[in-house]
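The structure under discussion appears below in the form of structure tokens.
Each reported figure results from applying straightforward, stated rules to the coordinates on display, with no laboratory input. Note that the structure is a prediction, hence the values are computed from the model and not measured. Note that we place each Cβ from the backbone using ideal geometry, even for glycine, and neighbour counts take in every protein chain shown.
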Amino acid sequence: MKGEEPAEERKAGETDRRLDDIEVDDKKIDEAKVANKKISASAMDENSIDEKKFRLVSRREVLKLTPVLALGAFAIPGLQEKLLKKGLGFSDWASARLFRSGHRATTFENADLASFDKFPINGYDVDDPGVDLENWRLTVSGAVKNPGRYTLAQVQALPAIRQNTRHVCVEGWDVIGRFGGARLSDFLTMIGADPTAKYITVTCADDYYESLDMATALHPQTLLCYEMYDQPLTREHGAPLRLQAPTKVGYKQAKYLMELKVTHVLDKVGYWEDQGYSWFYGL
Amino acid sequence: MSGAVIEIIREKGKDKVDDSDPIVIARAAYEHPLVVRLCHWINTVALFVMVGSGLQIFRAFPSFGAKIPQKDLLHWPKAFAIGGWLGGALQWHLTFMWIYIATGVLYLGYQIFSGNYRQVLFTHRDVPGVWPMVKHYFFFGPKPVVRESYNPLQKQAYTSAIGLGVLSVLTGLCIWKPIQFSWLAWTMGGFHYARIWHFAVMWAILFFVLGHLVMVILHGWNNFVSMLTGWKKDLGY
């Protein structure tokens with residue numbers, strides 16, 4: 001008796017499994033009926049299809065994938081450039097919407113700073129465009145009440161800000177540095193900038209030029225920077241005055257500022273932007 | 001809807017054996033709904049562009065440490081990159097990331113709301129079935145009986161791949177917007193690590209793609225066609 005028990009168990013088990021299979025098949029047939037109705041009521045009967053009709057249905061399903069071919073537009077010369085410009089423009093649009101005026105970039109302890117000699121100098125042409133520091137003035141124009149030529153002392157008379165922030169290069173590297181200067185927003189108040197203006201454009205001693213959206217220009221961490229590591233800016237780092245906006249990528253931090261214009265229409269975008277880089281590039 | 005099996009029949013022809021009944025020449029199941037197929041192929045193109053342009057971007061600073069002194073990890077050949085230069089690569093990357101994200105969101109949304117995710121989502125119930133499949137694929141073990149569209153190992157692979165896709169977007173966001181997504185960058189260990197993770201996730205995805213291609217080739221033409229027509233004729237796996 002004992003010897004027969006396992007055999008009986010196995011038999012019972014097998015029967016169960018067979019019953020399971022039958023149930024699964026019933027279920028599958030039911031599913032198939034539903035599916036067939038959804039896919040093509042005319043092409044199939046309950047749960048079978050003629051091979052020719054199947055081929056037809058298959059072909060029709062493949063044709064439904066034609067929207068994928070639209071991506072081929074990116075392979076067409078001429079159109080490719082326009083599409084990528086649109087894509088970059090969309091990214092800039094999204095960037096401007098993601099930018100939060102009140103959200104500050106992370107600031108760091110002095111211990112986190114890279115040493116000054118390890119702060120990279122990424123001049124686009126020359127390290128020193130030969131600015132006459134003695135007679136330097138910042139020429140202010142555009143939608144402002146007080147246009148004119150401003151001295152460094154006038155900028156330095158504004159409340160001084162010192163911040164340890166991350167400088168992020170478009171190439172992918174970053175370095176934590178110490179920057180000092182006046183808030184661009186304070187300077188804009190001083191020159192009586194039109195609050196409805198949309199852009200700030202700057203031109204530099206080395207023919208570099210840049211522009212900022214007003215939201216970034218008014219950000220509390222955006223500086224007219226005249227100090228690095230508590231020392232006056234050196235020539236390689238943009239003496240006597242540069243932009244420092246930690247919420248922007250490196251190439252927006254224009255050096256050797258000569259002119260600053262407040263505008264409603266962006267007529268001069270930026271040196272690298274004109275080569276194909278993103279304009280907004282907010283971090 | 002998925003997993004529903006139908007019989008493909010031949011009404012008349014040389015092979016016809018019995019006059020009264022049509023013969024069944026194959027069985028097929030509708031496994032890949034249109035949205036899934038569209039997302040699969042658009043995402044394939046987007047992934048190709050994202051990897052190619054991403055490697056071109058990486059060429060601008062092929063390192064993860066300090067800028068000074070810079071220690072380059074690898075010199076990726078320009079021929080296997082997209083964009084020609086950093087600015088061009090960024091245009092491709094910042095354009096196709098939207099297509100990449102859109103197909104991902106559409107796919108996930110469809111899978112969740114249609115319930116189709118059950119076909120492929122790896123859950124605790126699939127855990128016991130993974131090892132037999134591994135034994136079958138890699139150690140000549142017997143072929144386990146699979147009653148579902150996806151076997152447990154496939155579920156694990158595809159669920160992981162979707163997870164990697166999500167991670168690729170999140171790590172990318174932290175590189176693109178480390179300040180606006182500072183909290184997210186913090187979870188990854190900061191901006192530096194986000195860049196490392198982004199790079200690592202890319203290789204993990206490429207590893208998946210390699211395995212995926214090998215399996216598709218091994219499983220044959222019908223398997224490949226199923227991602228085009230939705231209908232899978234070979235129900236063995």
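Here is how the numbers come out for the structure above:
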| quantity | calculated |
| --- | --- |
| Exposure proxy ranking, count of Cβ atoms within 10 Å, fewest first, for A:Lys255, A:Lys198 | A:Lys198, A:Lys255 |
| Ranked A:Ser101, B:Ser182, A:Ser211, criterion: other C-beta atoms within 10 Å, fewest first | A:Ser101, B:Ser182, A:Ser211 |
| Projected label distance in nm at B:His219 and B:Arg118, using a 7 Å step from Cα toward the beta-carbon | 2.0 |
| Kyte-Doolittle mean at least -1.0 and Cα axial length at least 20 Å: DSSP H helices in chain B | B:34-60, B:86-114, B:152-176, B:191-219 |
| 10 Å Cβ neighbours from other chains, averaged over peptide B:83-93 | 5 |
| Exposure proxy ranking, count of Cβ atoms within 10 Å, fewest first, for B:Phe122, A:Phe108 | A:Phe108, B:Phe122 |
| Amide H contacts of B:Phe122 (H built 1.01 Å from N, under 5 Å, at least 5 apart or other chain) | B:Thr159 |
| Relative contact order [Cα under 8 Å, 6+ residues apart], the range A:192-275, whole percent | 40 |
| Chain B, helix-only ellipticity at 222 nm - DSSP H runs n ≥ 4, -39,500 (n - 2.57), divided by all residues, nearest 500 | -20000 deg cm²/dmol |
| Segments B:100-111, A:240-251, A:141-152, B:132-143 sorted - mean Cβ within 10 Å per residue, highest first | A:240-251, B:100-111, A:141-152, B:132-143 |
| Translational D in µm²/s for the range A:104-242 (Stokes-Einstein at 20 °C, 1.002 mPa s, Kirkwood Rh from C-alpha pairs) | 134 |
| Peptide B:63-69 - average C-beta neighbours from other chains (10 Å radius) | 5 |
| Restricting the range B:177-231 to chymotrypsin sites (Phe, Trp or Tyr not before Pro) in coil, as DSSP defines it, with at most 11 other Cβ within 10 Å | none |
| In nm, spacing of pseudo-spin labels at B:Trp98 and A:Glu134 (7 Å Cα→C-beta vector) | 5.4 |
| Mean separation of Cα contacts under 8 Å (6+ apart) over length of the range A:70-208, as relative contact order % | 23 |
| Spacing of the two label points (7 Å from each Cα toward its C-beta) at B:Val166 and A:Asp112, in nm | 2.9 |
| Whole-Hz ³J(HN,Hα) from phi, Karplus 6.51 cos²θ - 1.76 cosθ + 1.60, for the range A:149-156, glycine and proline x | 10, 9, 8, 5, 4, 5, 5, 6 |
| Estimated FRET transfer efficiency (A:Asp207, B:Leu184; beta-carbon r; R0 30 Å; 0.05) | 0.20 |
| Among the listed pairs B:Lys78/B:Lys135; B:Lys143/B:Lys233; A:Lys53/B:Lys143; A:Lys85/B:Lys155; A:Lys52/B:Lys143, those beyond 29 Å (Cα-Cα) | B:Lys78/B:Lys135; A:Lys53/B:Lys143; A:Lys85/B:Lys155; A:Lys52/B:Lys143 |
| Selection from A:Val269, A:Pro159, A:Phe179, by position along the positive dipole direction of the range A:141-274 (Cβ) | A:Pro159 |
| Sorted peptide list for A:167-174, A:178-185, B:34-41, criterion being average Cβ within 10 angstrom, highest first | A:178-185, A:167-174, B:34-41 |
| When the convex hull of its Cα atoms is projected in every direction, mean area for the protein assembly as shown (nm²) | 34.8 |
| Sequence-distant residues sharing a close amide H with A:Leu223 (under 5 Å, placed H) | A:Leu184, A:Gln244, A:Ala245 |
